[in-house]
Amino acid sequence: MQRPYNFSAGPAAIPVEVLEQAAAEMLDWHGSGMGVMEMSHRGKEFVSICEQAEADLRELLAVPAEFRILFMQGGGLAENAIVPLNLSRAATVDFVVTGSWSQKSQKEARKYAAEVNVIASGEDSGFTTLPDPARWQPSRGASYLHICSNETIHGIEFHELPDLRALGSDAPLVIDFSSQVASRPVDWSRVGLAFGGAQKNIGPAGLTIVVVREDLLGHALAACPSAFDYRIVADHHSMYNTPPTWGIYVAGLTFQWLKRQREGAASGVAAMELRNKAKAQLLYDTIDRSQFYVNKVAPHCRSRMNIPFFLQDETRNDAFLAGARARGLLQLKGHKSVGGMRASLYNAMPLAGVQALVEYMKAFEQKHA
Ligand code: PMP
């Protein structure tokens, strides 16, 4: 079925095969006589769904055995509190601020950590470039260093995760990969903890994915709510409290879909990375070759997932969006804090969707330039 192309930053498009399967199984999952939303999370049916989803995610992201995968709730913003509650040890924590999301994270951490150091920031550049990791000076004895590996609003991405050991620090790296998860492989040798909401690249809102190194469990502050204590969540296999069962189920369908994807010899997340590179390249090339559209982010850190762009003549924004909608190109309006346009090209966006967008952009430019 050909649906409109949905460029939302999240909640975002879900592969149509996943939606169709969820619809087909809505009233009766695998002959159980129940839909997934109606099942006890402790029954054998849902336990099998959850275990399969976790195993598939581990395989797709090549998560090493010393990491635990947790299915939680509260989204990225709740993790901004849950991470310092679990990892700060009431000591110093470091942040690198590269856009709105890491900015929010460091502010929230101040409620829980003894000291928060912003050791590098891209604010002077208007968040158009990444502060060079080679120049970062992590605080001595910091409990962790937090980055946002893809800034969804500013369209800035770390194409290589910083190597903190090379900077003389043994602090674990915490990454907010909400808008990057499953779009490319992760170098786990550089990561202590990764978190992200599911509603961009994985499935419906309500599920939060946390991947955390085993040795970081068990250090929560006394005030940490039990349901947010990573040790407790891990010990209960994400079932200490009722998990977001529907979200886990749909995420599991997406993982199966991802495992089926092929691009030449590559499969799964490696195949997605090839596609995501090609999609982003097509859109950035179109923007850069025109006198009509602009993206201000430095080329080496441009996001593959979220591409903000501006019309040189901003009085045409409404006409651009209306014309896009009429062609079945949905949710291209930029985030309210920065304006302009934003095209989010998560895994569920096919190359054909980006081709349709650039054709429209060229036609709009020809008409109005
Ligand atoms: N971090 C990033 C990078 C995000 O893009 C978002 C949501 N757009 C959040 C955190 C906040 O996530 P949530 O709304 O799930 O709390």
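The values are calculated or read from the model by the stated rules, or taken from the named source; none is laboratory data. This one's a predicted model, so the numbers in the text were calculated from it and none came from an experiment. Don't worry about glycine lacking a Cβ; one is built from the backbone with ideal geometry, like all the others, and counts go over all protein chains shown. SASA here: full protein model, heavy atoms, side chains in, ligands and nucleic acids out. Shrake-Rupley method; radii C 1.70, N 1.55, O 1.52, S 1.80 Å.
Brief remarks follow.
- Taking first residues from the range 1-12 that are open to solvent by 80 Å² or more (accessible area, probe 1.4 Å) and partners that are assigned to a loop (DSSP other than H, G, I, E, B) and within 16 Å of the ligand (Cβ to nearest atom), the Cβ contacts under 6 Å between residues at least 6 apart in sequence or on separate chains come to Pro11/Gln199; Pro11/Ala205.
- When Gln180 is tested against (1) within 18 Å of the chain's Cα centre (by Cα); (2) farther than 19 Å from Leu57 by Cα, just one condition goes unmet, and that condition is (2).
- Counting only residues that are open to solvent by 30 Å² or more (accessible area, probe 1.4 Å) and not in a loop (DSSP other than H, G, I, E, B), the range 149-173 holds 3 of them.
- Looking across the range 283-320, the residues that are over 25 Å from the mean Cα position of the chain (by Cα) and in a helix (DSSP H, G or I) come down to Asp288, Arg289, Glu314, Thr315, Arg316, Asn317, Asp318, Ala319, Phe320.
- Candidates Ala223, Ala205, filtered to the one that is within 15 Å of the ligand (Cβ to nearest atom) and surrounded by fewer than 24 Cβ atoms within 10 Å (Cβ to Cβ): Ala205
- For the range 82-94, a residue qualifies if it is in a loop (DSSP other than H, G, I, E, B) and open to solvent by 10 Å² or more (accessible area, probe 1.4 Å), and the qualifying residues are Arg89, Ala90, Ala91.
- Residues within the range 321-366 that are outside any helix (DSSP H, G or I) and more than 21 Å from Ser303 (Cα to Cα), tallied: 2
- Residues satisfying the criterion are absent from the range 284-300 (criterion: within 17 Å of Tyr346 (Cα to Cα) and crowded, with 20+ Cβ neighbours inside 10 Å).
- Answer from Glu38, Glu59, Glu17, Glu66 - the residue that is open to solvent by 60 Å² or more (accessible area, probe 1.4 Å) and touching an Asp or Glu at 6+ places or on another chain (Cβ under 7 Å): Glu66
- The residues of the range 174-193 that are crowded, with 19+ Cβ neighbours inside 10 Å and either free of Cβ contacts under 8 Å to residues at least 24 places away in the same chain or in contact with a Pro (Cβ under 7 Å, 6 or more places away or on another chain) (or both), listed by number, are Gly192, Leu193.
- Checked against (1) assigned to a loop (DSSP other than H, G, I, E, B); (2) surrounded by 17 or more Cβ atoms within 10 Å (Cβ to Cβ); (3) not polar (S, T, N, Q), His146 passes all but condition (1).
- The set of residues in the range 231-247 that are hydroxyl-bearing (Ser, Thr, Tyr), in contact (Cβ under 8 Å) with a residue 24 or more places away in the chain and not in a helix (DSSP H, G or I) comprises Ser238, Thr242.
- Members of the range 55-81 that are within 17 Å of the chain's Cα centre (by Cα) and in a helix (DSSP H, G or I): Leu57, Arg58, Leu60, Leu61, Gly75, Gly76, Leu77, Ala78, Glu79, Asn80
- Within the range 95-139, the set of residues being touching a residue at least 40 places away in the same chain (Cβ under 8 Å) and outside any helix (DSSP H, G or I) comprises Phe95, Val96, Thr98, Gly99, Tyr112, Gly126, Thr128, Thr129, Leu130, Trp136, Pro138, Ser139.
- Considering the range 95-140, the residues that are open to solvent by 30 Å² or more (accessible area, probe 1.4 Å) and among the hydrophobic types (A, V, I, L, M, F, W, C) include one that is nearest to Pro299 (Cα to Cα), namely Ala134.
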